[in-house]
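K.L.:
Please see the structure below; I have some questions.
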Amino acid sequence: ESGRLQHGLLTYALVQEGLRGGRAADDGVVLLLDWLRYAVWRVPEIYDALRSGREITGTDGRAVVVSAGGVTEAKSRSRQTPMLFDFLLKRPDVTLEAGG
């Protein structure tokens, strides 16, 4: 959990950036697998930013400056890396959000 992000890293990547920020969208459409893959790619980047105290640009365009000293994950020695296991590769993808 990060008090500055007001979410866990995975939740922040999925909800704040992926959906609300539209960063997981392709032409305004967010597909389930793209949304999950975005988080797999993004969470380690957010974690690294937390460890080093770098800025993370919020979905509103403002920079969120995080301090490594106040974040539990940043104190641990292992890097957070989510995994995506997709056992249903042949089914059509699900649309979460379509911009208009």
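The values are calculated or read from the model by the stated rules, or taken from the named source; none is laboratory data. These figures come from a predicted structure and were not determined experimentally. Cβ coordinates were reconstructed from backbone atoms using ideal geometry, including for glycine residues, and neighbour counts include every protein chain displayed. Each accessible area value is taken on the protein alone, full model and side chains, heavy atoms only, with ligands, DNA and RNA left out. Shrake-Rupley method; radii C 1.70, N 1.55, O 1.52, S 1.80 Å.
K.L.:
Considering each residue of the stretch 1-22, count those that are open to solvent by less than 50 Å² (accessible area, probe 1.4 Å) and acidic (Asp, Glu), and give that number.
P.N.:
1
K.L.:
Name every residue in the stretch 1-33 that is over 12 Å from the mean Cα position of the chain (by Cα) and part of a helix (DSSP H, G or I), in order of residue number.
P.N.:
Those that are over 12 Å from the mean Cα position of the chain (by Cα) and part of a helix (DSSP H, G or I): Leu32, Leu33.
K.L.:
Looking at Val71, Val65, can you tell me which residue is open to solvent by 60 Å² or more (accessible area, probe 1.4 Å) and at pLDDT below 80? Don't jump to the end; show me each part of the working.
P.N.:
Numbers: Val71 fails: open to solvent by 60 Å² or more (accessible area, probe 1.4 Å).
Among Val71, Val65, only Val65 is open to solvent by 60 Å² or more (accessible area, probe 1.4 Å) and at pLDDT below 80.
K.L.:
Here is a follow-up. For the stretch 30-48, indicate whether the set of residues that are within 18 Å of Arg4 (Cβ to Cβ) and aliphatic (A, V, I, L, M) is non-empty.
P.N.:
Taking every residue of the stretch 30-48 in turn, at least one turns out to be within 18 Å of Arg4 (Cβ to Cβ) and aliphatic (A, V, I, L, M).
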